[in-house]
Amino acid sequence: MPRLLIAASGTGGHLFPALSVAEALPADWSVRWLGVPDRLETTLVPEQYGLVTVKAGGLQGRGIRKLIQLLRLLGASRDVRRLIRREQIDAVFTTGGYIAAPAILGARWCGVPVVLHESNAIPGRVTRLLGRFCTRVAVGLDAAATRIPGCAAVVTGTPVRNAFLQPQPLPNWVPKGEGPLLVVMGGSQGALGLNRMVRVLLPELLSKGCRVMHLTGSNDPDVNSIEHAALVERPFSDNIPGLLQHADLAISRAGAGSLSELAVSGTPSVLVPFPQAADQHQDANAACAAALGAAVIVHQHDPNHPALRDTLWRLLGTRLGGSEAAENPLLAMQQAMQQLAVRDADQQLAMVLQALVS
């Protein structure tokens with residue numbers, strides 16, 4: 001029975017692809033999970049896989065702070081080495097981030113093969129530094145393949161949850177009507193800057209017949225400041241596959257996980273990259289979709305700036321009282337988004353792991 005250690009922590013962008021790969025493995029595989037205390041994995045993972053946590057973080061800062069972080073990394077790597085030996089782990093799979101560093105170093109210490117998956121167009125710092133020490137490196141986007149020093153990466157796409165790969169019904173709480181459905185989402189934590197850009201446009205969109213499903217996150221103080229039968233605001237939803245499959249247009253951040261979900265759903269998108277993302281990787285992710293004509297990029301701006309409004313009217317205008325004879329730009333965007341989709345990324349990564357273990 002092959003024994004796999006998965007190291008994935010923090011956000012849905014790291015966790016959901018790893019969960020998809022775990023589900024794609026043969027039934028006789030045993031999976032243990034490596035995470036960090038008080039992160040999202042402590043609620044998502046224990047229901048399915050045994051979770052072990054270590055203290056891991058970045059190497060930012062200088063002087064004594066950086067020395068403390070380095071000592072913590074070495075301590076976490078030692079703990080991973082002990083775990084690998086105790087559990088007789090055959091291979092390690094990680095989706096990057098801080099937890100990847102002790103996982104890669106611990107696996108290297110034990111001589112165990114490790115597969116690293118990088119989902120962003122611009123690889124993260126850990127991937128750039130430690131990718132060369134991995135047995136295999138896989139990437140979600142073509143643009144990342146040449147940006148990891150010292151290794152040849154294979155392009156597999158980024159796995160999505162199984163629900164995205166099957167037709168899903170539209171949730172019954174979504175506003176009903178004939179108008180176009182606009183889905184707004186800022187990622188697993190929400191996005192106040194994005195919310196403010198959208199909210200100032202809602203009265204006009206709603207008055208013209210647009211239906212809006214706005215996932216606001218849990219920290220938006222202006223939730224419910226606008227009441228309308230065609231508007232539903234929720235902090236989050238477990239029905240993202242159904243929402244995106246039925247949406248006419250999405251407004252979204254440009255995290256790699258969100259981009260993969262939009263792609264397999266074939267959802268035309270306005271992408272608003274998070275301006276503080278490390279190495280501006282969301283800008284690079286969005287550029288991959290925009291280059292195909294699958295998305296339009298609007299950079300985060302003051303709510304009174306016209307950029308987002310102009311973009312939405314250009315894309316939705318034919319459905320909101322514009323000329324019926326005009327060509328609907330969303331149709332071409334939908335086809336282009338499907339070109340970006342990789343629907344078997346989980347299977348590809350599972351096959352890489354099986355080949356290493358066998």
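The values are calculated or read from the model by the stated rules, or taken from the named source; none is laboratory data. The structure displayed is predicted, hence computed values, not measured ones. Reconstructed Cβ throughout: ideal geometry from the backbone, glycine too, with neighbour counts over all protein chains shown.
Tabulated data
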| read-out | value |
| --- | --- |
| Condition met for S9 (among the polar types (S, T, N, Q), in contact (Cβ under 8 Å) with a residue 24 or more places away in the chain and over 13 Å from A100 (Cβ atoms)) | no |
| The one condition in (1) under 16 Å from the mean Cα position of the chain (by Cα); (2) modelled with pLDDT under 95; (3) part of a loop (DSSP other than H, G, I, E, B) that D220 fails to fulfil | (1) |
| Unmet requirement for Q282, which otherwise passes all of (1) farther than 27 Å from L202 by Cα; (2) buried (at least 17 other Cβ atoms within 10 Å of the Cβ) | (1) |
| Residue ID - surrounded by the most Cβ atoms within 10 Å (Cβ to Cβ), chosen from residues in segment 1-41 that are more than 21 Å from P113 (Cα to Cα) and under 18 Å from the mean Cα position of the chain (by Cα) | E41 |
| Segment 195-215, residues that are farther than 15 Å from K176 by Cα and in a strand (DSSP E or B) | L215 |
| Meets criteria (of a type in the set (G, A, S), under 26 Å from Q354 (Cα atoms) and in a strand (DSSP E or B)) for A138 | yes |
| Meets criteria (at pLDDT 95 or above, among the acidic types (D, E) and within 27 Å of E178 (Cβ to Cβ)) for D302 | no |
| Filter result for A295 (at pLDDT 95 or above, within 30 Å of A91 (Cβ to Cβ), under 19 Å from the mean Cα position of the chain (by Cα) and among the hydrophobic types (A, V, I, L, M, F, W, C)) | no |
| Which listed residue is out of contact with any His (no Cβ under 6 Å at 6 or more places or on another chain) and over 26 Å from I122 (Cβ atoms), from L292, L330, L271, L353 | L330 |
| Leading residue by the ranking (modelled with the lowest pLDDT) among those in segment 72-103 that are more than 24 Å from M1 (Cβ to Cβ) and of a type in the set (A, V, I, L, M) | L73 |
| Every residue from segment 97-112 that is assigned to a helix (DSSP H, G or I) and not aliphatic (A, V, I, L, M) | P102, G106, R108, W109, C110 |
| Pair list, Cβ under 7 Å, 6 or more apart: segment 246-267 residue in the same structural domain as N172 (by TED's automatic domain parsing) and in contact (Cβ under 8 Å) with a residue 60 or more places away in the chain, other residue among the polar types (S, T, N, Q) and part of a loop (DSSP other than H, G, I, E, B) | A247/T267; A250/T267; A256/S119; A256/N120; A256/T158; G257/S119; G257/T158; S260/T158 |
| Matching residues, segment 148-169, being buried (at least 18 other Cβ atoms within 10 Å of the Cβ) and not in a helix (DSSP H, G or I) | I148, A153, T156, G157, T158, P159, V160, R161 |
| Selection count where residues are surrounded by fewer than 20 Cβ atoms within 10 Å (Cβ to Cβ) and over 23 Å from E204 (Cβ atoms), scope segment 247-269 | 1 |
| Hey, R128 out of contact with any strand residue (DSSP E or B) (no Cβ under 6 Å at 6 or more places or on another chain), modelled with pLDDT of 95 or more and surrounded by fewer than 17 Cβ atoms within 10 Å (Cβ to Cβ) or not | no |
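A quick yes/no check of all residues on (1) closer than 22 Å to L181 by Cα; (2) in contact (Cβ under 8 Å) with a residue 60 or more places away in the chain:
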position	(1), (2)
Q276	no, no
A289	yes, no
A294	yes, no
A307	yes, no
D310	yes, no
T318	yes, no
A341	yes, yes
A345	no, yes
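One line per residue, one yes/no per condition, for (1) under 16 Å from P159 (Cβ atoms); (2) among the polar types (S, T, N, Q):
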{"site": "G13", "(1), (2)": "yes, no"}
{"site": "V21", "(1), (2)": "yes, no"}
{"site": "D38", "(1), (2)": "no, no"}
{"site": "T42", "(1), (2)": "no, yes"}
{"site": "V45", "(1), (2)": "yes, no"}
{"site": "V54", "(1), (2)": "no, no"}
